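See below for the structure under consideration.
The values are calculated or read from the model by the stated rules, or taken from the named source; none is laboratory data. Remember, predicted model here, so these are calculated numbers, not experimental data. Positions of Cβ are backbone-derived with ideal geometry, glycine not excepted, and every protein chain shown enters the neighbour counts.
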Amino acid sequence: MPPVPQQGYPAPQPGYGEPPGYGQPGYPHQGGQPGYPYQDGQPVPPAKSGSRTGLIIGIVAGGVALLLLLVCGVAGFLWYQQRDDASAGDLSGVINYRQTNPGALSTDHVQEPVSYPMTPPAGGPHFQRWQNCNGDIYLAPIEDGNAVHSLEHGAVWITYRPGLPPSELGKLQDRVRGLSHMMISPYPGQSAPISLQAWGYQLAVEEADDPAIGAFISAYRVTAAIEAGAPCGGGITTTR
């Protein structure tokens, strides 16, 4: 029904009237700003950006949690592998100079070469500078005095008799490469094909596959240090 004109107002023009649906819930532009959707007759504002931010934070947090799980898994595998090495190898052949000859294990710094009671040396007076032992592979002999200083820092020093078959040498180098507090070098004159030294401990083996090698490394790398927390980086890398 067309609206009744108020007194003093002209009659509405033909076709004039309220649009269909005017005043009904959902009718656009009824109060509020143009373009807003309506629900129950009230304008509904657009979604706040906070919901999107929360989604991004959730995704990032999930990624960080996944990364932590991956790191823990790798660390656990390495620990398990080292534990296997320690349990599989026979360390009954280790010479413990800390018990049999503690007097030979002086920590004095010297400038002149030392005559050590064991070959290769497994501790005793040594030079001021240590040999770099961050997984270093030396293809020529290194100075005893520098190497012994590395042992004081907790390094395991693998030595081998020159002429060791390349296949054997490669296996030993793989045990050293990329591992801190480890180094390897040839040692002319040693009686065993392969020898391992930590501060106060020594083990001679015949083959690179001997499980005692892994057990020795697991038992004495870092733990045999006299100077706990001492670095293996920053040392000299020269050979004879």
Query raised in the report: Which one is farthest from Y220 (Cα to Cα), of the residues in region 161-183 that are surrounded by fewer than 21 Cβ atoms within 10 Å (Cβ to Cβ) and touching an Asp or Glu at 6+ places or on another chain (Cβ under 8 Å)?
Result: E168
Query raised in the report: Do the conditions hold for A208, that is, is it without any contact (Cβ under 8 Å) to a residue 60 or more places away in the chain and either within 17 Å of Y116 (Cβ to Cβ) or in the same structural domain as L105 (by TED's automatic domain parsing) (or both)?
Result: yes
Query raised in the report: Which of the residues that make up region 69-99 are hydrophobic (A, V, I, L, M, F, W, C) and modelled with pLDDT of 75 or more?
Result: L69, L91, V94, I95
Query raised in the report: Taking R240, is it in contact with a strand residue (DSSP E or B) (Cβ under 8 Å, 6 or more places away or on another chain) and not hydroxyl-bearing (S, T, Y)?
Result: no
Report summary line: Selection from region 190-216 of residues surrounded by fewer than 24 Cβ atoms within 10 Å (Cβ to Cβ), in a strand (DSSP E or B) and in contact with a Lys or Arg (Cβ under 8 Å, 6 or more places away or on another chain) yields Y201
Query raised in the report: Which of the residues belonging to region 94-108 are among the small types (G, A, S) and surrounded by fewer than 16 Cβ atoms within 10 Å (Cβ to Cβ)?
Result: G103, S106
Report summary line: Apart from one, (1) more than 30 Å from the chain's Cα centre (by Cα); (2) surrounded by 23 or more Cβ atoms within 10 Å (Cβ to Cβ) all hold for Q111; the odd one out is (2)
Query - Positions within region 226-238 being within 21 Å of the chain's Cα centre (by Cα) and either outside any loop (DSSP other than H, G, I, E, B) or surrounded by fewer than 21 Cβ atoms within 10 Å (Cβ to Cβ) (or both), in sequence order - result: A228, G229, A230, P231, G233, G234
